[in-house]
1. Out of (1) farther than 15 Å from Gln175 by Cβ; (2) modelled with pLDDT under 95, the odd one out for Thr255 is which?
2. Quick one: in region 93-114, of everything that is of a type in the set (D, E, K, R) and over 17 Å from the mean Cα position of the chain (by Cα), which residue is nearest to Asp173 (Cα to Cα)?
3. If the requirement is being within 17 Å of the chain's Cα centre (by Cα), within 21 Å of Leu286 (Cβ to Cβ), buried (at least 19 other Cβ atoms within 10 Å of the Cβ) and among the aliphatic types (A, V, I, L, M), which of these qualifies: Ile128, Ile121, Ile79, Ile142?
4. For region 168-195, how many residues meet the condition of being among the small types (Gly, Ala, Ser), touching a residue at least 24 places away in the same chain (Cβ under 8 Å) and farther than 30 Å from Leu151 by Cβ?
5. Determine if region 93-101 includes at least one residue that is surrounded by 19 or more Cβ atoms within 10 Å (Cβ to Cβ), more than 24 Å from Cys226 (Cβ to Cβ) and hydrophobic (A, V, I, L, M, F, W, C).
6. So which of Leu178, Leu229, Leu191 ends up being modelled with pLDDT of 95 or more and more than 22 Å from Val135 (Cα to Cα)?
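The values are calculated or read from the model by the stated rules, or taken from the named source; none is laboratory data. Owing to the predicted nature of the structure, the values given are computational and were not obtained by experimental measurement. With ideal geometry, Cβ positions are generated from the backbone for all residues, glycine too; neighbour counts draw on all protein chains shown.
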Amino acid sequence: MTTARRTALAGIAAAVLAVACGCGSGEPTLPHQAVPSVPTVTPTGVTTQPVITTTQANERCRASYRPSGAPAGETVARIRERGILRVGGQQTYYLLSYRDPVTGEMSGFEVDLARHLAQAIFGDPTRIQFVALTVAEREPAIKEGKVDIVLAAMIMTCARWNNVAFSAEYLEDRQRVLVNSRSTAAGLDDLGDKRVCASAGGADIEEVAKAASHPKPVTAANAADCLILLQQGLVDAVSTSEGILAGLAAQDHTTKIVGPALIYSPVGAAMRHDATDLVRFVNGVLEQLRSSGEWDRMYRKWLEPSLGPAQAPSPMYQD
């Protein structure tokens, strides 16, 4: 590892430790749902067990709006007139979307995706305003028009489709668990009565709450805050998507990702329900990234070293 790389990682870890911790606790009562497990491929550098999947139940919630091939509509026209694309998301998700402590620039897989969208809209990949949002702030920011799009490892669920519209899936993710390297826990089954942290307002905390082992759910503003709580010994584990956990583990080498995946998590870009033309436009860009091999290049650069090889998710459309 180069000196610059070590300096960057140290800076990122320091930035995470400096984040103000907004945490609370609670034990929501949710019914446990037994779902059959299916085998999965073991990626390089991550120990993966059988995946608990709800794909079949949620197939319809992955279907977005097909790219039309027609000229961009009113929403895209307004963005062009404004001269900047407002992208809501995280600035502490290392590998996905984070502010590089060395350059001060936003970097990561989702940031590259945002720049491709800006290039397609303006012919200039830099015309972006990145707006930092907690998990709980994402849907209100979209509905209130504070941002045009959210790119924040946002899981596509049927409940969220009631509030926002999603692009086609751009990342296939799985929820797992991060623990201290000294922990003997091999997954959520070993964390009964232990404190497990996930972002407030996210789908991850629901999976923790309904686990058969009955861990104690603890919420924080985002996964970076959960990492701080883990470092301080205030929680025993963090549970969220593999993509986010890979970034946390890269920042803090005293942690490790363990256990089977709790749930399959299709990730999409979120937009307003009445911005159908923007959704179709985004899906058109995603089609280009897949067909050109650019998605593969982005994945290899940011995520493959931690999560192993993967293929771009196949799009599903409802029209």
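1. It is condition (2) that Thr255 fails.
2. Initial filter on region 93-114 (of a type in the set (D, E, K, R)): 99-100, 105, 110, 112.
From the residues that got through so far, the ones that are over 17 Å from the mean Cα position of the chain (by Cα) too are 100, 105.
Working: Asp100: 23, Glu105: 25 Å.
Once the filter is applied, the top-ranked residue is Asp100.
3. On the way: Ile128 fails: within 17 Å of the chain's Cα centre (by Cα); Ile121 fails: within 17 Å of the chain's Cα centre (by Cα); Ile79 fails: within 17 Å of the chain's Cα centre (by Cα).
None of the other options fit; the residue is Ile142.
4. So in region 168-195, the residues among the small types (Gly, Ala, Ser) come out as 168, 181, 183, 185-187, 192.
Those left that are additionally touching a residue at least 24 places away in the same chain (Cβ under 8 Å): 168, 181, 183, 185-187.
From what is left, the residues that are farther than 30 Å from Leu151 by Cβ are 181, 183, 185-186.
The qualifying residues number 4.
5. If we filter region 93-101 for residues that are surrounded by 19 or more Cβ atoms within 10 Å (Cβ to Cβ), which is where we start, we get 93-99.
Filter again for more than 24 Å from Cys226 (Cβ to Cβ), leaving none.
Among the residues of region 93-101, not one is surrounded by 19 or more Cβ atoms within 10 Å (Cβ to Cβ), more than 24 Å from Cys226 (Cβ to Cβ) and hydrophobic (A, V, I, L, M, F, W, C), which makes the answer no.
6. Details: Leu178 fails: more than 22 Å from Val135 (Cα to Cα); Leu229 fails: more than 22 Å from Val135 (Cα to Cα).
The unique qualifying residue is Leu191.
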